[in-house]
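Have a look at the structure below, then the notes.
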Amino acid sequence: MLIVMHHQATQEQIDQVIAAVIAMGLQAEPIPGSLRTAIGVLGNQGYVDDSTIRTLAGVRETIHVSKPYKLVSRDFHPVSTVVDVSGVRFGDGEKPVIIAGPCSVESEEQILEAAEQVKAAGAQMLRGGAFKPRTGPYSFQGLGLKGLKYLQQAGQASGLPVVTEVMRIEQLDTICQHADMLQVGARNMQNFDLLKEVGKTGHPVLLKRGMSATIEEFLAAAEYIVAEGNTQVVLCERGIRTFEKTTRNTLDLSVVPLIREMSHLPIIVDPSHATGKRMLVPIMSKAALVAGAHGVMVEVHPNPAGALCDGAQSLSGNDFAEFMKDIDRLYEFLGYSD
């Protein structure tokens, strides 16, 4: 339920409403606005009798919200959230962010070269996996802590904030010390214990959509993080599993305008994992930005043919430089300026 206060409601009246909600055994979440304050009611398992609340001084109206996600909903938080990752900003009114780098950190030399290439071309953030969830147990699983240190060094050398995936709760403290942003991958989107602990860190989070997740399930997963007090969440569409075999997944670009309408959290698109095909990455990146994405994340490898994983969907350094020239021209068309 959402309690909307009159624009002239006093702080004392607001406090009285909050006290009444708590007395009902529920949680009150004040949501200040430019014109009036709203109070979100959380913790209910069913319908909340609002008859007492509606009679309190200063209350304008009550709105029943049936969505399983409330804190990430625009009903509770109509103002768009801007997520700041070490000075790189995701959200409405901000220039879309380009995150680039290899799927996996393979060596110190590889990630340093990749960071130099993507920085020179104009990327704002560096990606790279140190701990890799792989479908097969014999596939390359990442360099672990050593790879994490290489990634941090590359980020510092290039001046780019870094994002990397966390797979287990016990990795959280270490990764928070080395990375500017935590990535929760598609396979862990519904690892609810991990989501709760990620929320407690307060660290910026990139939450990827599960390969079979509905939009409601996607937003409910983000709710787990935000409910722990961490509002610095960027959503990421990375394709969903369908009957189609031509591409690695099916890129659902309709999710971008839908999420922008339903939630205040920013959303980006990962066309590399969505399509699995290098030739599709540039055009689908541009399509994502036209659809309203707050950024894209693409895989870039100094030598895609020799990549230990996902080489077929990775751009080379030269490919990425050409890609960024096209993106800059698209920004002009979309009205973004430096």
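The values are calculated or read from the model by the stated rules, or taken from the named source; none is laboratory data. Source: prediction; values computed, not measured. When we count neighbours, we look across all protein chains shown, and the Cβ atoms used for this are built from the backbone with ideal geometry, even at glycine.
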Picking from 265, 235, the residue that is part of a loop (DSSP other than H, G, I, E, B), in the same structural domain as residue 294 (by TED's automatic domain parsing), under 27 Å from residue 79 (Cβ atoms) and in contact with a Ser or Thr (Cβ under 9 Å, 6 or more places away or on another chain) would be 265
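Here is a yes/no grid of residues against (1) farther than 25 Å from residue 227 by Cβ; (2) modelled with pLDDT under 90; (3) in the same structural domain as residue 151 (by TED's automatic domain parsing); (4) of a type in the set (A, V, I, L, M):
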residue: 41; (1), (2), (3), (4): no, yes, no, yes
residue: 47; (1), (2), (3), (4): no, yes, no, no
residue: 57; (1), (2), (3), (4): yes, no, no, yes
residue: 102; (1), (2), (3), (4): yes, no, yes, no
Those residues of the range 14-39 which are at pLDDT below 85, surrounded by 12 or more Cβ atoms within 10 Å (Cβ to Cβ) and over 26 Å from residue 224 (Cα atoms), in sequence order: 36
I'd like the residue in the range 59-74 that is modelled with pLDDT of 80 or more and assigned to a loop (DSSP other than H, G, I, E, B) and, out of all such residues, is surrounded by the fewest Cβ atoms within 10 Å (Cβ to Cβ). 74
Taking residue 257 as the residue in question, decide whether it is assigned by TED's automatic domain parsing to the domain that holds residue 122 and either part of a loop (DSSP other than H, G, I, E, B) or acidic (Asp, Glu) (or both). no
If only one of 79, 21, 17 is of a type outside the set (Phe, Trp, Tyr), in contact (Cβ under 8 Å) with a residue 24 or more places away in the chain and assigned to a loop (DSSP other than H, G, I, E, B), which one is it? 79
Counting only residues that are modelled with pLDDT of 65 or more and either buried (at least 16 other Cβ atoms within 10 Å of the Cβ) or hydrophobic (A, V, I, L, M, F, W, C) (or both), the range 133-148 contains a total of 5
